[in-house]
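Heads up, the thing below is written out as structure tokens.
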Amino acid sequence: MVKGLSHVTFVVTDLDKMTRFLESIFDAKEIYRSGDQTFSISRERFFLIGGVWVAIMEGPSLSERTYNHIAFEIDESEFAEYAGRLSSLDVEVREGRSRVTGEGRSLYFYDDDNHLFELHTGTLEERLQRYEGLAVTLREGRGSEAAVLSRLAIHSKAYWDYSDDFLAACCEELKVDPARFGTAGFHCVVADKDSQPIGFYVLARKLHHLAKRGHVGG
């Protein structure tokens, strides 16, 4: 049975430089150094960072930078402090990925051996709750909800601060006709969140009819 994370090992070219890196940024506490003795594959040092056993060993750097990384949790109130630490050490902070609101903030940065580190303000529980709250399902629209979709269309239009007169003039154009559902050339998809429509789109073919000699041409 796996009990948890035992330790994380980083292979680095300069043990002294990496020691300063860990102590200055992470407040790492050194608990062991091998000196010139070699009990493993090379000289090594052990640290504790937030209760996690971190080992560094002497060896060649990674050949390239990737997104593989290790993340340490920090409080939101400490974010600016840690950003200042990185700046004072001339550590380049990598541009983070796009995030949804409430997911937490992160500082990404590499050491001199191309290992990527992250300082993150969020927790797993917060991330899962946020992602669950964003869950949206798509389904076919129904004629019985045409009035609801019509109101949603007007509400969406109103977001752009149009005048009341203009919105009133748009009502007929934005009205969703329940009679079109299920007919050829009409396709409506509704986005639901918590079983309530929050958006929709319609693909509809407009037919322009021309009456000529008793026949209707398309």
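The values are calculated or read from the model by the stated rules, or taken from the named source; none is laboratory data. As the structure is a prediction and not an experimental result, all values here were calculated from the model. When we count neighbours, we look across all protein chains shown, and the Cβ atoms used for this are built from the backbone with ideal geometry, even at glycine.
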Please verify whether residue 108 is at pLDDT 95 or above and not hydrophobic (A, V, I, L, M, F, W, C), treating the condition exactly as stated. yes
Among (1) more than 30 Å from residue 180 (Cα to Cα); (2) modelled with pLDDT under 95; (3) over 23 Å from the mean Cα position of the chain (by Cα), there is one condition residue 67 misses while meeting the rest; what is its number? (3)
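Let's see how each residue does on (1) surrounded by 15 or more Cβ atoms within 10 Å (Cβ to Cβ); (2) modelled with pLDDT under 90; (3) over 30 Å from residue 64 (Cβ atoms):
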{"residue": "113", "(1), (2), (3)": "yes, no, no"}
{"residue": "123", "(1), (2), (3)": "no, yes, yes"}
{"residue": "129", "(1), (2), (3)": "no, yes, yes"}
{"residue": "133", "(1), (2), (3)": "no, yes, yes"}
{"residue": "137", "(1), (2), (3)": "no, yes, yes"}
{"residue": "148", "(1), (2), (3)": "yes, no, yes"}
{"residue": "168", "(1), (2), (3)": "no, no, yes"}
Looking only at residues in the range 13-52 that are in a strand (DSSP E or B) and in contact with a Ser or Thr (Cβ under 7 Å, 6 or more places away or on another chain), which one is surrounded by the fewest Cβ atoms within 10 Å (Cβ to Cβ)? 30
Suppose the filter is buried (at least 16 other Cβ atoms within 10 Å of the Cβ) and under 19 Å from residue 127 (Cβ atoms); does residue 103 pass it? yes
The residue that is modelled with the lowest pLDDT, considering only those in the range 188-212 that are of a type in the set (D, E, K, R) and assigned to a strand (DSSP E or B), is 212
With respect to residue 62, is the statement that it is of a type in the set (A, V, I, L, M, F, W, C), part of a loop (DSSP other than H, G, I, E, B) and under 23 Å from residue 10 (Cα atoms) true? yes
For the condition out of contact with any Lys or Arg (no Cβ under 9 Å at 6 or more places or on another chain), closer than 15 Å to residue 22 by Cα and not hydrophobic (A, V, I, L, M, F, W, C), what is the one hit in 85, 97? 85
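Restricting the range 170-187 to residues that are loosely packed, with under 13 Cβ neighbours inside 10 Å and of a type in the set (A, V, I, L, M, F, W, C), which is modelled with the highest pLDDT?
At the first step, the residues of the range 170-187 found to be loosely packed, with under 13 Cβ neighbours inside 10 Å are 172-173, 179, 182-185.
After this cut, where a residue has to be of a type in the set (A, V, I, L, M, F, W, C) as well, the list is 179, 184.
Values: 179: 92, 184: 87.
This residue is 179.
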Are any residues in the range 24-65 in contact (Cβ under 8 Å) with a residue 12 or more places away in the chain, at negative phi and among the charged types (D, E, K, R), and if so, which ones? 29, 30, 33, 43, 44, 45, 58, 64, 65
In the range 58-84, anything within 22 Å of residue 46 (Cα to Cα) and surrounded by 11 or more Cβ atoms within 10 Å (Cβ to Cβ) is listed as 58, 59, 61, 62, 69, 70, 71, 72, 73, 74
